[in-house]
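Working notes, beginning with the structure itself.
The values are calculated or read from the model by the stated rules, or taken from the named source; none is laboratory data. Here the structure is a predicted model, which means the values were calculated and not measured. As a convention, Cβ positions derive from the backbone with ideal geometry for all residues, glycine included, and neighbour counts pool all protein chains shown.
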Amino acid sequence: MRTTVSLIGLAGFAACHGAAPVAPPPATPPPVAAAMTTIALPGATADGVGMDYLLFDPRTNAVWVPAGNTGAVDVIDGATGKVTQIAGFPTQEVERRGAKRTVGPSAATLGGDGVVYIGSRGDSTVCAVDDVKLVRGACGKLDAMPDGIAYVAKTHEVWVTTPRDKSLRILDATTLAQKARIALAEGPEGFAVDEARGRFYTNFEEGDATLAIDLVTHETVATWKPACGEEGPHGLRLAGPEGVLFVACEARVVALAVDHDGKTVGSLPTGEGLDDIDYVAATHRVYAGATKGSLTVGAVDATGALSVVATVPTAEGSRNGVVARDGRVYLSHSKSGEIVVVTPPGR
């Protein structure tokens, strides 16, 4: 693990994981020193480690890293930084936009009963893994390559986005057998589950649209326009009680009010290269890591409006951060085969 120290614009960041939300800071907070460390992942090649969706598991205080081209899932202990590798996932070489690359496990989501579900592009499977023993259990085979996966406790299902097939797949959470296929007009991108309202949210990048799909009828009940622009919307996170859906655009986060026909109620500039985001409900904070080399932390007020708390310089190429129990933010850095960890001051 390497450690560096940088100066960041950060008033209020030290309190971002306190017991209660705080008022947004001044527009230009003074710089405060903060540490940034890196965790090397095993099996990195000259091309690094292919990473997409990360997961923080609060039950075990661990960060799960599907490490595509290495054919493994790396589990990082949140207390010690130790990396444990779950190996043996198949890989395959695919061509995308004229370039060949090796793909494997690519997504992780927290299930019930001590299970983490892993989606793999290497063999188009979704597998259940015991989050303590780190042993694989049941696997389900799809006829299309999975992208994002989400566990739905209300129906005891795993929903899978399969963008190349322009569909969603619904699996039984116990057997991982496919129960249903939902055909869509475009390939779905991003996901969020709204148990209280009985909805699954996803995006159309090309159509610059966000969809709300009923968990039971599988019908699209609403289509909203986040106005992300040419690159379209990417990742999603939900503030359930407040009814605010956060949409990651190319260079900003947009907040939509799901109980008010998807009305835009907030916007947060992040810098270019944004893909997935994270949200901490206890502190009403949004975390957005953009590949151009910055982590933006945003405060959310009662109406869903967003304001910048901090902009933290990170390694260029790092993205898709998840926030751990102690407030540290873990970002993937595929090119270097590392996880970049930003440690808030005052931790």
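Observations
- Taking the range 277-347 as the region of interest, the strands (runs of 3 or more DSSP E) fully inside it that hold 1 or more residues being within 18 Å of the chain's Cα centre (by Cα) are 285-290, 294-300, 319-323, 329-333, 338-343.
- Residue in the range 187-197 that is free of Cβ contacts under 8 Å to residues at least 12 places away in the same chain and either surrounded by 17 or more Cβ atoms within 10 Å (Cβ to Cβ) or in a loop (DSSP other than H, G, I, E, B) (or both) present: no
- Residues that are assigned to a strand (DSSP E or B) and without any contact (Cβ under 8 Å) to a residue 40 or more places away in the chain within the range 198-229 comprise Phe204, Ala209, Leu211, Asp214, Thr220, Val221, Thr223, Trp224, listed in sequence order.
- Within the range 84-142, considering residues that are surrounded by 13 or more Cβ atoms within 10 Å (Cβ to Cβ), among the aliphatic types (A, V, I, L, M) and farther than 25 Å from Pro58 by Cβ, the one modelled with the lowest pLDDT: Val94
- The set of residues in the range 149-165 being in contact with an Asp or Glu (Cβ under 6 Å, 6 or more places away or on another chain) and in a loop (DSSP other than H, G, I, E, B) consists of Lys154 alone.
- Being within 23 Å of Lys166 (Cβ to Cβ), small (Gly, Ala, Ser) and out of contact with any Leu (no Cβ under 8 Å at 6 or more places or on another chain) is a property that holds for Gly119.
- Among the residues listed as Gly18, Gly43, Gly68, Gly48, the single one being modelled with pLDDT of 80 or more, surrounded by fewer than 22 Cβ atoms within 10 Å (Cβ to Cβ) and over 23 Å from Pro313 (Cβ atoms): Gly43
For (1) over 24 Å from Gly321 (Cα atoms); (2) not small (Gly, Ala, Ser), each residue gets a yes or a no:
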site	(1), (2)
His156	yes, yes
Thr162	no, yes
Asp165	yes, yes
Asp172	yes, yes
Leu176	yes, yes
Tyr201	no, yes
His218	yes, yes
Gly235	no, no
